[in-house]
Every structure is written in C-alpha cells, then in structure tokens.
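Working notes, structure below.
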Amino acid sequence: SQQGEEDPQALSIQEGENATMNCSYKTSINNLQWYRQNSGRGLVHLILIRSNEREKHSGRLRVTLDTSKKSSSLLITASRAADTASYFCATDATGANNLFFGTGTRLTVIP
Amino acid sequence: DTGVSQDPRHKITKRGQNVTFRCDPISEHNRLYWYRQTLGQGPEFLTYFQNEAQLEKSRLLSDRFSAERPKGSFSTLEIQRTEQGDSAMYLCASSSPPGNEKLFFGSGTQLSVL
C-alpha cells in the first residue's frame, strides 16, 4: 500500500495565485521528496527535505515538514500555466530500499 | 540525452501473451527501481536492484513477473501470461548512493492488455 496521501486530490487555480498541497505519511522517515508528473510522462524530482529540517525553499517552491504530525506541504508561488501537472510526495522511510509515493494532487493552473 | 530511457513507450498485447520491457538507467547510477502506476494513482514499488543484485521485491510482483539486471547496467521486466489487470504504466528509475535520494525516472512503458 502507498505510504502517503495527498490533499486535495485536485486543485484548480488562476495563473498568478499560490497553490498549496499537503501530504500525510505513516512511518518514520529519512527524508520526504516532492515530484512532478506531466500527463503520460515520468516523474521529475522537485525538492527534498530531510527529517531534521522544517522548511526548505527552491525558486518558487516552499516545502515544510512536521515530523510530529507526519505531514508536509508544498507551496508553489505565483503559479504559471506550465505548472499544470500532478504532484506527488514520496517518503524515504527508515530502513527502506525504495520510495513510497502518495496518491498525488492534480493541479490545474488556468491562464 | 543521458537520462533514463525505457523501451517501448507503448505496448498493446493480448491476454495470455508475454511481454518484456527494457530500462537503461543513467550510466553512473548503481540503483535501479521498477514501479507500476495506474491511472489516477501514485507509483507503486515493484522491485529494486543495487548493481546486478535484486535486493527487494514487492508483494505486488507475482510469480508471473521477473526482473533482471544482468551486468548491473540495463534492466528488463518480463510479465508472463499477461492479464487485463496488468494494464498500467511501468516506470523505471535510477539513483546513485547514498540512498533513495532524487530518483531519476524514465518516461515509462504504457501496457495495455486486451
């Protein structure tokens, strides 16, 4: 079964607005990663936050991690139509040999 | 292009047939993963190689599935006696040590079993 659950499942916003998506997970982790997937394509790594970090920035992306609540959020600021994609959180669970992916948030940015 | 490549991109087969997919990872990556993704879901882990050794297999990987990475470079995933429930996108990813940080994914093979 998948480790994470994203919320919301789908999000539609106007270009220029901010988009926030959330991820909850179940076990202890080494790190949490966010990936993006355009329709019919493979996933692209966006950002990684380690278990001892609380917040991380990369360009228009801001990720937070709350290990006590086993949750993370991804904020995309000043969204663009090109940001339209599915976004997945993935956990590197302690002792695991692979990443566990969530169910994804489908983001649509309307021009 | 030195990314992860997968072949074929699409495969249509009839139920009961065998299919084989190939993945060429990034050359310096010693870790290789196979995932399966169905529509509207996230990728589900199937199996993982470190060099040529298959170190972990998911319970999703029934005995009809077999994966190899003979020389620690490219990998193949074979599905025997395909079933309609095998229809999915099969994704390959690779990474380099120290751990499961920053996987690089191929574009996937979309399998349709009729």
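The values are calculated or read from the model by the stated rules, or taken from the named source; none is laboratory data. Please read these numbers as outputs of a predicted model, since none were measured by experiment. All Cβ positions, even for glycine, are placed from backbone atoms using ideal geometry, and neighbour counts span all protein chains on display. The area values use the complete protein model at the heavy-atom level, side chains included, leaving out ligands, DNA and RNA. Shrake-Rupley method; radii C 1.70, N 1.55, O 1.52, S 1.80 Å.
Brief remarks on what is shown
- In nm, spacing of pseudo-spin labels at B:Thr13 and A:Glu15 (7 Å Cα→C-beta vector): 4.3
- Shielding by partners - mean other protein chain Cβ count within 10 Å, residues of A:92-101: 6
- Filtered GluC sites (Glu not before Pro), the range A:1-101: DSSP coil and at most 15 other beta carbons within 10 Å: A:Glu15, A:Glu17, A:Glu53
- The trypsin sites (Lys or Arg not before Pro) of the range A:4-111 that DSSP puts in a loop, and whose beta carbon has at most 12 other beta carbons within 10 Å, are A:Arg54, A:Lys69, A:Arg80.
- The phi torsions of the range A:82-98, fed into the Karplus equation with coefficients 6.51, -1.76 and 1.60 and a -60° offset, translate into couplings of 5, 7, 4, 4, 9, 10, 10, 8, 9, 10, 9, 6, 4, x, 8, 9, 7 Hz, rounded to whole numbers, with Gly and Pro shown as x.
- Less than 5 angstrom separates the built amide H of A:Thr84 from those of A:Val109, all sequence-distant by 5 or more or on a different chain.
- In the range B:28-114, GluC sites (Glu not before Pro) in a DSSP loop with at most 13 other beta-carbon atoms within 10 Å: B:Glu28, B:Glu83
- Inverse mean reciprocal Cα-Cα distance (Kirkwood Rh) of the range B:11-114, Å: 13.8
- Calculated on the alpha-carbon coordinates, the convex hull of chain A measures out at 94 cubic angstrom per residue.
- Under-5 Å amide H pairs with B:Leu46, H placed in peptide plane, nonlocal only: B:Trp34, B:Tyr35, B:Arg36
- Interchain or long-range residues, amide H under 5 Å from B:Gln110's placed H: B:His10, B:Lys11, B:Tyr90
- Pairwise centroid distance, computed over Cα atoms, of the range B:89-114 with the range A:6-61, Å: 18
- Per residue convex hull volume, Cα atoms of the protein assembly as shown, in Å³: 122
- Our coupling estimate for the range A:106-111, obtained by passing each phi through the Karplus curve with A = 6.51, B = -1.76, C = 1.60 and θ = phi - 60°, is 8, 9, 10, 10, 8, x Hz, Gly and Pro reported as x.
- With θ taken as phi - 60° and the Karplus curve 6.51 cos²θ - 1.76 cosθ + 1.60 applied, the whole-hertz 3J(HN,Hα) list for the range B:45-54 is 5, 10, 7, 9, 10, 10, 6, 8, 8, 8 Hz, x standing for glycine and proline.
- Estimated buried accessible area (total), pair B and A, 1.4 Å, Å² to nearest 100: 1800
- Whole-Å distance, taken between Cα centres, linking the range B:39-75 and the range A:84-100: 16
- Put simply, the range A:15-60 fits an ellipsoid with semi-axes of 21, 16, 11 Å; these come from the alpha carbon gyration tensor as the roots of five times its eigenvalues, largest first.
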